[in-house]
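The values are calculated or read from the model by the stated rules, or taken from the named source; none is laboratory data. Just so we're clear, the structure is a prediction, and the values are computed from it rather than from any experiment. Because the Cβ atoms are built from the backbone with ideal geometry, glycine has one as well, and the counts that use them run over all protein chains shown.
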């Protein structure tokens, strides 16, 4: 099992939780971004710098993640492709993407994009909160525990 993080816009506190788990559980973890990200604190974590450009980090993650890996991303199109590839995927607010929910989330995302493009003001996502952090930590821990049982 490996962990891949779409790290470009991931909150620092989420990255910290992932780093600690990586070290504690000795799970190879890859922080993928097009800007430098510190991965100090875990000898199992590695930073992967990709070129600037749309979807370059997403493509790297898609090409390198395999069944049995966990991916953390808020990019719903990437999440949809990874779920189709049978990977475990969550976002930085603790939402697990599954076969049952990812297509509806993708449809909502596309609808909101179309509304913005048409000039309608669309409410942005709220700021990252303590509740979001707790939900992420809980979902992340649950998935890591579950997935670790299958890799032993």
Q. Exactly one of (1) assigned to a helix (DSSP H, G or I); (2) touching a residue at least 12 places away in the same chain (Cβ under 8 Å); (3) farther than 23 Å from residue 148 by Cα; (4) out of contact with any helix residue (DSSP H, G or I) (no Cβ under 6 Å at 6 or more places or on another chain) is unmet by residue 78. Its number?
A. (4)
(Q) Can you pull out every residue in the range 18-41 that is assigned to a helix (DSSP H, G or I) and out of contact with any strand residue (DSSP E or B) (no Cβ under 9 Å at 6 or more places or on another chain)? (A) 20, 24, 25
(Q) If I filter the range 23-43 down to residues being surrounded by 21 or more Cβ atoms within 10 Å (Cβ to Cβ) and either under 20 Å from residue 82 (Cα atoms) or at pLDDT 95 or above (or both), which single residue comes out as farthest from the chain's Cα centre (by Cα)? (A) 27
Q) Listed residues 136, 128, 120, 150; which is assigned to a helix (DSSP H, G or I) and either more than 19 Å from residue 72 (Cβ to Cβ) or modelled with pLDDT of 70 or more (or both)? A) 136
Q. Which number in (1) buried (at least 20 other Cβ atoms within 10 Å of the Cβ); (2) closer than 22 Å to residue 143 by Cα marks the one condition that residue 64 misses?
A. (1)
(Q) So for the range 2-22 (the condition being more than 23 Å from residue 129 (Cα to Cα) and without any contact (Cβ under 8 Å) to a residue 12 or more places away in the chain), does at least one residue qualify? (A) no
